[in-house]
Amino acid sequence: MTEALQRLRKVLALERSRKFADTAVIGGLDAYLQRVVSGPLIPADHRFRRVLSSLPSGGYRALHPVQRKRVVEELELALEEPMADASSPPLETQESKPTPAVRQPRGSREGVRARSATAAETLDSPVGAFKGVSRGYAAKLKKLGVENVRDLLWLFPFRYNDFSQVRPVARLAVGEEQTVLGEVWSAGAGLVGRRKASEAVIGDETGTLRVVWWGNTYVGRQLRAGMKIALSGKVTAFRGRMQMENPEWETLEGDSLHTRRLVPVYPGTEGLPQRLVRRLTREAVETFADGLEETLPEDVRRRLGVLPAAQAMRQVHVPDSQRQADEGRRRFALEELLHIELGVVRRRKEWQAAGAAQELALPEAVRNGFARSLPFALTGAQRRAVDEVLRDIGRNVPMSRLLEGDVGSGKTVVAAMALLAAVASGYQGAIMAPTEVLAEQHYRTFCGLLSGGQDELWRGVFSPDYLEGPLRVTLLRGGLKAADKAAAQDSIARGETGIAIGTQALIQEDVSFDRLGLVVVDEQHRFGVEQRAALRQKGASPHVLVMTATPIPRTLALTVYGDLDITVLDEMPPGRPPVKTHRLRPDQREQAYDFLRKRIGAGRQAYIICPLVEESEAVAARAAVQEYERLCTDVFADTRLGLLHGRMAPGEKDEVMRAFRDGGLDVLVSTAVVEVGIDVPNATVMLVEGADRFGLAQLHQFRGRVRRSSEQAYCLLLSENPSEEAQERLRIMETTHDGFRLAEEDLRIRGPGEYFGTRQSGLPDLKVARLTDVALIEQARTEATRLLEADPELKRREHRALAARVEELWGRITAEAS
């Protein structure tokens, strides 16, 4: 009695902590309290019942939170009054007692429900509330991210063993997954050969089968001669006779869980039995699946062709067939993707509706004059990109476009034309880069483009004949002296600067623009969501162009970058041959050094890339610091070497990169920090140590660093990992120069988080969906667009649960990405 009342008090306390949102129990407080008073716990004339009888016809759910607060307080006060003795607690608070096993029809859930012994009452109940979950097991489950019932339900199987094929012993086939039913003839535990094991012989009317459980003596002590059991697993042959090794097993009484069906296999950790995880998820499904909140209205489920939440959850964990298991997973995958797409589509609509953007135009005379001043002809891809960008900024709807292309594909020239359109229309433009050196490189590039290579490069004021007046370009970076920084800020604020180029210094509070019309952000995923938004807010709905050299697979273009239109520069300027890429074995390292010496002797520069900053006992890979010291003394003693890595102070990094750019160094030993680097056309060879430790997209970025001139460039990939998978990935690098194909392959192999190598990308943490499934993503995007057109704020009653999930997801993404 005391325990039952204590649980009731805990539920009311939980409702209080959740600010009376009616979420303390699945199905709401009304249904829970009705079950409480339907049992003998609360006497007939008790004050608790009188409080409930005073509720309106709509019950607790119909009340305002302020009214709900009063009701909960009244119920808590009522529980302070004495109760009459009752013979037993109500049904929902009873601990289930062991019951005689009753054979249930296949697919029945009643047998499991009768045997369930859990004190878990809500989705937030800890997994320790389940029978058989010790502190040790709870700690192991926590490693898998499972701390409560909700986590357990969302621990989805990564595959299924098909044990539905039941065969007699005489018809078992070697090498196949099968199930056999039989009687235990003998069983025991001890040494089999020199290994601890359990061993049994089971038989049916057609023959006998030897069964061994290696390293497990527990099973042998559980089995008894005469027991009827089911065994599921792969059949092997030993000395001409068939046997099973380490099969799943269970008695024939009750519903099947580990055999005779499609059996789920869950993610695991050492010391956590699959049998325990299966039992726990089955109990969680049977107890809580029917109470799962349904976030997809019926019309949405019908259009998407998905199962209701409760049915889908059962099919994921206790599937009737592989097809049904796939349908269950598909429902939750689509739901996850729909949450993402609703946020993406809504973010795009909000941005476009935030305010009227300025209509920017690039006069034909300016466009043609700038194009003629260039020392090269624009590629077809650049001309198409310019057309798309100019079309966007010529409208009063704020542009939000992603410009992607390999290193050296000419993104800067496209951005320059867009910025000239802003200047020609009487507005300012800004370009923000992730590092000071890259910002300085953009400044030098823009000055060079506008000056025609004349001596006025560092004056920052240009008067090309195609512009009506002078154009000031200002560099603003954190490393400027106080007086220079104040002068730059003043020039920007007064509108004297036409194009401002800088780092995050551009988004500081003390920086203001007079008439900001266009923002260009270089290397999108290096900036957090809030940083990009801060730069946007410097102007009244400015147009935004984002540039990246990271190839974006189509699936990410629909999700992570779904609020952006995408332009692809898929054509390199003529005269730049593809980088010759070669895989090398560790014993070919000296040959690689000889090749670098020859290139350096011919006046060229080289990169040597290492996967780590410093050596680690846990990781067998070359580290930049130790490698730099070794190369200086043992390999390139007569060569000028520099060291670059992420732990260096910004000023040190800038100094090294400038020295390499200006020819003061022959070899730059670096970590992956050089991925977003400066242009050094004279650097034409790269040696990548531990190449198997980098992603394909990242290797492609590295390789682009040496394709900055008409000289033949080389990329040498050294790998210590002999595995076939590692070598296959490097073979792809050796033979493929298509960045998009490499990106798709990289995403498939490593997943989106490792693909970008940073949480600042704003990537969602998906539990079920995969960002490689284009069809599901497109289906979710179509549905999201339809929903928001009909209900832009998702305010309709049937959309409220969906809206809450979307807000929760995007709130978490923004917090992680900022």
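The values are calculated or read from the model by the stated rules, or taken from the named source; none is laboratory data. Keep in mind it's a predicted model, so treat the numbers as computed, not measured. Here the Cβ is made from the backbone with ideal geometry for all residues, glycine too, and neighbour counts use every protein chain on show. Keep in mind that these areas ignore ligands, DNA and RNA; they rest on the heavy atoms of the full protein, side chains included. Shrake-Rupley method; radii C 1.70, N 1.55, O 1.52, S 1.80 Å.
Values for this structure:
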quantity: Segment E81-A138, extension gain: residue separation times 0.36 nm, minus the distance between their alpha carbons; calculated: 16.8 nm
quantity: Straight-distance crosslink candidates among lysines, where the alpha carbon sits under 18 Å from K10 and sequence neighbours closer than 8 are dropped; calculated: K19, K69
quantity: Student exercise, the range 136-251 dipole from Lys, Arg, Asp, Glu Cβ charges, in Debye to nearest 20; calculated: 500
quantity: ³J(HN,Hα), Karplus 6.51/-1.76/1.60, whole Hz, each residue of the range 735-741, x for Gly, Pro; calculated: 10, 10, 10, 7, x, 6, 5
quantity: Isotropically averaged projected area of the range 149-206, using the convex hull of Cα atoms (one quarter of hull area), nm²; calculated: 7.1
quantity: Centroid-to-centroid separation of the range 9-78 and the range 336-358 [C-alpha atoms, Å]; calculated: 40
quantity: Separation in nanometres of the label points that stand 7 Å from Cα toward Cβ, at D662 and E590; calculated: 3.8
quantity: Heavy-atom accessible surface of the range 574-674: percent carbon and sulfur, 1.4 Å; calculated: 48
quantity: Interchain or long-range residues, amide H under 5 Å from R515's placed H; calculated: Q428
quantity: Heavy atoms of H46: accessible area, 1.4 Å probe, square angstrom to 10; calculated: 10
quantity: FRET efficiency, T206 to V265 (Cβ-Cβ, R0 30 Å, nearest 0.05); calculated: 0.55
quantity: Solvent-accessible area per residue for the chain (1.4 angstrom probe, square angstrom); calculated: 45
quantity: Options A377, V149, L742, ranked by Cα towards positive dipole end of the chain, top entry (Cβ charges); calculated: V149
quantity: log10 of Debye I(q)/I(0), alpha-carbon scatterers only, for the chain at 0.08, 0.10, 0.11 Å⁻¹; calculated: -0.90, -1.15, -1.25
quantity: Hypothetical label at A356: residues of the range 376-414 whose amide nitrogen lies under 13 Å (7 Å Cα-Cβ projection); calculated: 395-398
quantity: Selection from G291, Q322, L272 lying farthest towards where the dipole of the range 269-335 points positive, charges on Cβ; calculated: Q322
quantity: In degrees, nearest ten, helix 482-493 long axis to first principal axis of the chain (Cα); calculated: 80
quantity: Stretchable slack from V774 to I566, in nm (0.36 nm times residue separation minus alpha-carbon distance); calculated: 73.3 nm
quantity: Nearest-10 value in Å² for the accessible area of D654, using the 1.4 Å probe; calculated: 20
quantity: Apportionment of accessible area to carbon and sulfur, the range 361-460, percent (1.4 Å); calculated: 48
quantity: Amide H within-cut-off set for Y607, under 5 Å, with H built and near neighbours excluded; calculated: L668, V685, M686, L687
quantity: Exceeding the 21 Å Cα-Cα cut-off - candidates K481/K653; K143/K767; K142/K196; calculated: K142/K196
quantity: Whole-Hz couplings from phi, Karplus 6.51/-1.76/1.60, listed for the range 358-371; x for Gly and Pro; calculated: 6, 7, 9, 9, 9, x, 4, 5, 5, 4, 5, x, 5, 4
quantity: Residue among M399, S670, I42 farthest towards the positive dipole end of the chain, charges placed on Cβ; calculated: I42
quantity: Pair F158, T633: separation of 7 Å Cα→Cβ label points (nm); calculated: 4.3
quantity: For G478, distant residues with modelled amide H under 5 Å away; calculated: T503, A505
quantity: Extension gain (nm, one decimal) between Q727 and D326, 0.36 nm per residue minus Cα-Cα; calculated: 141.1 nm
quantity: Size of charge dipole - the chain - debye, nearest 20, with Cβ of Lys, Arg +1 and Asp, Glu -1, no other charges; calculated: 1820
quantity: Residue-wise HN-Hα coupling along the range 71-76, computed from phi with Karplus coefficients 6.51, -1.76, 1.60 (Hz; x: Gly, Pro); calculated: 4, 4, 4, 5, 5, 5
quantity: Fraction of beta bridges assigned by DSSP in the chain that are antiparallel (%, nearest 5); calculated: 40
